[in-house]
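To start, the structure under review is shown below, and the notes come after it.
The values are calculated or read from the model by the stated rules, or taken from the named source; none is laboratory data. Worth saying up front: this structure is predicted, and the values here are computed from it rather than measured. Every residue, glycine among them, receives a Cβ derived from its backbone with ideal geometry; neighbour counts consider all protein chains shown. Accessible surface is based on the protein model in full, side chains and every heavy atom, while ligands, DNA and RNA are left aside. Shrake-Rupley method; radii C 1.70, N 1.55, O 1.52, S 1.80 Å.
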Amino acid sequence: METLLKPFPSPLLSIPTPNMYSFKHNSTFPNPTKQKDSRKFHYRNKSSTHFCSFLDLAPTSKPESLDVNISWVDTDLDGAEFDVIIIGTGPAGLRLAEQVSKYGIKVCCVDPSPLSMWPNNYGVWVDEFEKLGLEDCLDHKWPVSCVHISDHKTKYLDRPYGRVSRKKLKLKLLNSCVENRVKFYKAKVLKVKHEEFESSIVCDDGRKISGSLIVDASGYASDFIEYDKPRNHGYQVAHGILAEVDNHPFDLDKMMLMDWRDSHLGNEPYLRVKNTKEPTFLYAMPFDRNLVFLEETSLVSRPMLSYMEVKRRMVARLRHLGIKVRSVLEEEKCVITMGGPLPRIPQNVMAIGGTSGIVHPSSGYMVARSMALAPVLAEAIVESLGSTRMIRGSQLYHRVWNGLWPSDRRRVRECYCFGMETLLKLDLEGARRLFDAFFDVDPKYWHGFLSSRLSVKELAVLSLYLFGHASNLARLDIVTKCTVPLVKLLGNLAIESL
């Protein structure tokens, strides 16, 4: 939904599995001009013979590299040394490099293509980016979001939503890194080696670069981060397209956060039965009458919902909506790992981004949280490596890992994982009942939940409110389907409190 950062046998949106990256064909996103047009359109059933499937259309946008004069590691120097080496130049990696380097810490970012544009589309709540001073990196905003619970019920959310301009955000972070004298090296990291007070990476060109701390920001497929528990993640799967269309039925001043309606499957009994058990929803960003981002999403499943199944449902939905796709500018094919255990804390390699456990276990959102937590991790790094402290080795690893994951933040994450486990138990009707109640709570709580801002106490208040104000059937779902996850949550909270 951030759309929530992660090869897959075929390309995906913003969702990865343990050994998958999400990727898509794209370049710069067109900068649509918003039109004041709030005409409403109704669903229209059309024969499939009138519609060429968008799956037959190849994306027209091509990958792009940014024109930034970054500072490269001098290849004539043998065994370059730095304070911090960051593997990966995605949003999380560059944000951390920017934050750490402004304190005079020597930083090197290593990536096979440091200047390439990021492949994913990222949607965020506007207030989150405002608090981070990143509002200028949004290229489109919607004053209202909506959630179609069913054909007969719609929720309107008075919270502005925005799409991140990947180009603006990456340029902003790169330029800050240049100002702070961050060095870049173009290569793939093959190995990480550790000695008592120093670590090093070995790249695919044979070069070795040494540093006091290695930070893995390379994404979900990384092999550099270790776990001491089975990685029983949930998986968010999605297929998205930025499309030029003849028309579409969406209001231009409203972002479609979730459309749980299933009337588009009325003539597809097989798909409808499957959707009833493992539901998907539509996520849509309308830019103008002829340009829209559309994404069919499985919020969370385990095992992972078939990607082909998601695409079939999207074809049926667009046909039913009467949306005729003229061209596909960009395509996203994504798998995001959600929940599961945190990495082993501490360990010799630090992590930020998808591999660090900061993906929201119940929604898949990550970019805004990465932007917010990178300064927190940077402070822990600077406290150890800055001035004259020069803490190295096991003490350093302990400080930085616990800086990112202090005990209270771990307990909060356990609660969000309980939310994910609850969602895994719900069918379509159960999901509808849950979100019907969820978006009726005090906005403070649902805002905080989706933005990962609630404390354990606040999460408990939210849970009690939901149970007290939900329908009888929703309460029955909680009582009959969530007992085991609840017992697991209480056990994990007890362990974290020790």
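List, please: which pairs have Cβ atoms under 7 Å, are six or more places apart or on different chains, and start with a residue in the stretch 79-91 that is over 18 Å from P119 (Cβ atoms) and end with one that is open to solvent by 20 Å² or more (accessible area, probe 1.4 Å) and not in a loop (DSSP other than H, G, I, E, B)?
Partner pairs satisfying both residue conditions: G79/K208.
Would you confirm, using the coordinates I've provided, whether M308 is outside the structural domain of L428 (by the TED database), out of contact with any His (no Cβ under 6 Å at 6 or more places or on another chain) and under 23 Å from C146 (Cβ atoms)?
Taking the combined requirement at face value, the residue does not satisfy it.
From the residues in the stretch 350-379 that are out of contact with any Leu (no Cβ under 9 Å at 6 or more places or on another chain) and crowded, with 24+ Cβ neighbours inside 10 Å, which one is farthest from R409 (Cα to Cα)?
Only one residue fits best here, namely T355.
Just the residues that are over 30 Å from L282 (Cα atoms) and open to solvent by less than 20 Å² (accessible area, probe 1.4 Å), please, taken from the stretch 404-434.
Answer for the stretch 404-434, where residues must be over 30 Å from L282 (Cα atoms) and open to solvent by less than 20 Å² (accessible area, probe 1.4 Å): L404, W405.
Pairs only if they're at least six apart or on different chains, beta carbon under 9 angstrom, first in the stretch 393-417 and under 20 Å from Q347 (Cα atoms), second surrounded by fewer than 19 Cβ atoms within 10 Å (Cβ to Cβ) and of a type in the set (F, W, Y); list them, first residue then second.
That search, which allows pairs on different chains as well, returns G393/F197; L396/F197.
Please determine whether any residue of the stretch 234-252 is crowded, with 22+ Cβ neighbours inside 10 Å and more than 30 Å from D288 (Cα to Cα).
Yes, the conditions are met somewhere in the stretch 234-252.
All but one of (1) closer than 30 Å to D223 by Cα; (2) open to solvent by 10 Å² or more (accessible area, probe 1.4 Å); (3) over 16 Å from the mean Cα position of the chain (by Cα); (4) not polar (S, T, N, Q) hold for E330; which doesn't?
Result: E330 fails condition (2) only.
For the structure I just gave you, tell me whether K153 is open to solvent by 70 Å² or more (accessible area, probe 1.4 Å) and under 24 Å from A378 (Cβ atoms).
Considered against the rule, which asks whether it is open to solvent by 70 Å² or more (accessible area, probe 1.4 Å) and under 24 Å from A378 (Cβ atoms), K153 comes out as no.
Scan the stretch 102-123 for residues that are in contact with a helix residue (DSSP H, G or I) (Cβ under 7 Å, 6 or more places away or on another chain) and crowded, with 24+ Cβ neighbours inside 10 Å and jot them down.
Of everything in the stretch 102-123, those that are in contact with a helix residue (DSSP H, G or I) (Cβ under 7 Å, 6 or more places away or on another chain) and crowded, with 24+ Cβ neighbours inside 10 Å turn out to be V107, C109, Y122.
Take G339 and decide whether it is crowded, with 24+ Cβ neighbours inside 10 Å, touching a Pro at 6+ places or on another chain (Cβ under 7 Å) and farther than 25 Å from G211 by Cα.
The answer is yes for G339.
Being open to solvent by 10 Å² or more (accessible area, probe 1.4 Å), of a type outside the set (D, E) and not in a strand (DSSP E or B) is the filter here; which residues of the stretch 127-150 pass it?
K131, L132, G133, P143
Only residues that are open to solvent by less than 20 Å² (accessible area, probe 1.4 Å), assigned to a loop (DSSP other than H, G, I, E, B) and over 18 Å from P91 (Cβ atoms): list them for the stretch 167-213, please.
A187, the sole residue that qualifies.
Of a type in the set (A, V, I, L, M, F, W, C) and not assigned by the TED database to the domain that holds L459: is that true of L434 in this structure?
Answer is no for this residue.
Residue by residue, here is whether (1) assigned by the TED database to the domain that holds I201; (2) over 30 Å from M314 (Cβ atoms) holds:
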site	(1), (2)
S65	no, yes
W72	no, yes
D76	no, yes
I87	yes, yes
P91	yes, no
L94	yes, yes
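Under 30 Å from P59 (Cα atoms) and either at pLDDT 95 or above or among the small types (G, A, S) (or both): is that true of E128 in this structure?
Considered against the rule, which asks whether it is under 30 Å from P59 (Cα atoms) and either at pLDDT 95 or above or among the small types (G, A, S) (or both), E128 comes out as no.
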